[in-house]
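Colleague: Take a look at this one; I'll ask things after.
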Amino acid sequence: MSREVLHRGEEEQADSAKAQQPSRPALRQAVCCIIPAYEEAGRVAKVVELALVSGLFDEVVVVDDASRDRTGREAEQAGARVLRHSENQGKAAALRTGMQATSAPVLCLLDADLVNVNAGHLHALIEPVLSGRQRSVIAVFRGGGLKPTTLAQQIAPMISGQRCLLRELLDDFEDWDSGYGVETALNAHLKTKGVEQVMVEWYGASHIMKEQKRGLLLGAAMRTKMFFEITVAWFKARIGGFLSI
């Protein structure tokens, strides 16, 4: 993964945020924002509203992965197109459902629990792809002090769920059963295709920890599940790479 500095910088992102709706070319590829969500009531609407107000996306799709709360209703009221799973299938499957529901050639993937994200951050993420300079871009949190979410992304930035990429890169992606390991599986997939991924840095941005959302015990259990699925995806990628040698 390239460590090339593609972020617009803290000051430039702030300036773009003030503009409310960053300028975009009159003729450009359509961009769909896909937000997988499971029991994100009280949080998902803010992410939807940000995506819509930014003016950067042609459509905003939320995939409600069989939430038992008001996640789908709140996303719908915020203005998103909502797709609902009848049973929980995991993050990867939710992303697949969102992708299959749009014909947009550019996809922007966002988590449903983001905080302190602005239009400048979103513009910095999708602009390198829209301009044709890059085919896949990953956003990582920076400037969040010692918050666990920020530290985790400093250690393993490649597992970030905030991405923008060309839809065609997913045409032959098969690991839609990888759950929380979808980013790891996607990284391996793009590597086999020779696609260089680059990072943009989102200063001040973060997301809400699972322990804050679910309580200490359930949150810890969900975090353990997440790391397990990431580890499985990593081993699967390693084995696949070894067998292809």
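Any read-out appearing in this document is the output of simple, stated calculations on the displayed coordinates, not a laboratory observation. The model shown is predicted, which means the values in this text are computed figures rather than measured ones. Every residue, glycine among them, receives a Cβ derived from its backbone with ideal geometry; neighbour counts consider all protein chains shown.
Colleague: What ranking do HIS85, HIS121 get, fewest neighbouring Cβ atoms within 10 angstrom at the top? Don't jump to the answer; show the numbers that get you there.
Modeller: Details: HIS85 18, HIS121 27.
Sorted ascending by nearby Cβ count, the order is HIS85, HIS121.
Colleague: For ILE159, ILE35, ILE138, ILE208, what ranking results if the residue with the fewest other Cβ atoms within 10 Å of its Cβ goes first?
Modeller: By the 10 Å Cβ count, ascending, the order reads ILE208, ILE159, ILE138, ILE35.
Colleague: Please work out how much length the chain gains when fully extended from ASN116 to GLU174, using 0.36 nm per residue of separation minus the C-alpha to C-alpha distance, in nm with one decimal. Intermediate results must be reported in sequence, preceding the final value.
Modeller: Values: separation 58, 0.36 × 58 = 20.88 nm, distance 3.30 nm.
Extra length from ASN116 to GLU174 when fully extended: 17.6 nm.
Colleague: Related question: How much FRET efficiency would the formula 1/(1 + (r/R0)^6) give for ALA101 and THR231, where r is the Cβ-Cβ distance and R0 is 35 Å, rounded to 0.05?
Modeller: According to the calculation, E is roughly 0.70.
Colleague: Please give the net charge around GLN77, taking every other residue with its beta carbon less than 15 angstrom from that of GLN77, where Lys and Arg add +1 and Asp and Glu add -1.
Modeller: 0
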